[in-house]
Amino acid sequence: MPEKKYKCALCHKEYVRSADPKTDFFPFCSERCRLMDLGSWLKEEYVTSRALSEEEQAALALREEEGEQDG
């Protein structure tokens, strides 16, 4: 049976996963790609949210004020 190939989430190189957990960097092909991706997150180059609308900002501010009054 042929080994399943994966594409690295960063460099898109095809690779076969390692059976050894110390050398399996899934979904990345190598530790280098894994660390480069981590660096991008730490430098805030990736974003997982969107800007809040004015209405959402007002609702959030109101909830925060109510939370401060309760505590």
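Give the residue list of chymotrypsin sites (Phe, Trp or Tyr not before Pro) in the chain that are DSSP loop and have at most 15 other beta-carbon atoms within 10 angstrom.
Working: sites: Tyr6, Tyr15, Phe25, Phe28, Trp41, Tyr46; in loops: Phe25, Phe28, Tyr46.
Qualifying residues, ordered by number: Tyr46.
For a straight C-alpha distance cut-off of 17 angstrom, the aspartates and glutamates reachable from Lys7 (same-chain residues fewer than eight places away being disregarded) are Asp24, Glu31, Asp37. Quick one: grab the alpha carbon gyration tensor of the chain, order the square roots of its eigenvalues as a ≥ b ≥ c, and give me rounded if a/c is under 1.5, else prolate or oblate depending on whether a/b is larger than b/c. Judged from the Cα gyration tensor, the chain comes out prolate (a/c at least 1.5, a/b above b/c).
In a simple Cβ point-charge model (Lys, Arg +1; Asp, Glu -1; nothing else charged), the chain has a dipole of about 1060 debye relative to its Cα centre. Between Lys43 and Ser30, the simple spin-label model (points 7 angstrom out along Cα→Cβ) gives 1.8 nm.
Quick note: the coordinates plus some simple rules give every number you see, no bench work behind them. Quick caveat, the model's predicted, so the values are computed rather than measured. As a convention, Cβ positions derive from the backbone with ideal geometry for all residues, glycine included, and neighbour counts pool all protein chains shown.
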